[in-house]
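Comments concern the structure below.
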Amino acid sequence: MQRLHACGLLRASFRPGREIAALRSYLRSRERHLDYAASHIQHMQKGGKVLSAHTRKTSNRLTVALRLAAVTVGRTNTALGAFYRRLAARIGNAKAVTATARKIAILFYNAMRFGIDYKDPGTDHYEQQYRDRVIKQLHRRAAQFGLILQQQNPAIDECVS
């Protein structure tokens, strides 16, 4: 303690160098981001089987803001909105809110940390990407059974009266 005081490190006006301050800031923000990403999910396991994995109640203002943004973006005509709606239909609203909030947090972190701009590709692009992914999975699954999938062309000028 005396040695720190002798070096002037215990003064109220002591400020670390720019490099040290930048490193501390980076480590603190990284730690907070990792804490957020892991702390709000609670997995109860027994014998390797997940018994429940629910979102804990939290009073963290960032978490509340991200979850509110996720619910709001679910009503928009954007790629994030399509992501939210697809997940909500498949796994339920609560998990969709958590997943969308996490995605928004990652986009925000990348924008702030690395200066990456987010340009929304839109719902149509997201739906097309999802459709292509599903078709690719179907082709792979059919190949496992020794089958080949072919796209059905609609009959042109075929009318039934």
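Summed over region 113-161, the residues that are among the β-branched types (Val, Ile, Thr) and either within 30 Å of GLU31 (Cβ to Cβ) or at pLDDT below 90 (or both) give a count of 4. Contact map, region 63-79: first residue in contact (Cβ under 8 Å) with a residue 24 or more places away in the chain and among the β-branched types (Val, Ile, Thr), second residue surrounded by fewer than 20 Cβ atoms within 10 Å (Cβ to Cβ) and not in a helix (DSSP H, G or I), Cβ cut-off under 7 Å, separation 6 or more or different chains; pairs are THR63/HIS40; THR78/ASP120; THR78/GLY122. Checked against (1) more than 25 Å from GLY81 (Cα to Cα); (2) in contact with a helix residue (DSSP H, G or I) (Cβ under 6 Å, 6 or more places away or on another chain), ASP120 passes all but a single condition, namely (1). Only one of (1) in contact with a Ser or Thr (Cβ under 9 Å, 6 or more places away or on another chain); (2) surrounded by 14 or more Cβ atoms within 10 Å (Cβ to Cβ) is not met by ALA96, so which one is it? The single condition ALA96 does not satisfy is (1).
In the condition set (1) of a type in the set (Val, Ile, Thr); (2) farther than 30 Å from ARG131 by Cβ; (3) at pLDDT below 70, ILE20 is compliant with all but (3).
The values are calculated or read from the model by the stated rules, or taken from the named source; none is laboratory data. All figures in this text were calculated on a predicted structure; none of them were measured in a lab. Please note: Cβ atoms are built from the backbone with ideal geometry, for glycine as well, and neighbour counts cover all protein chains shown.
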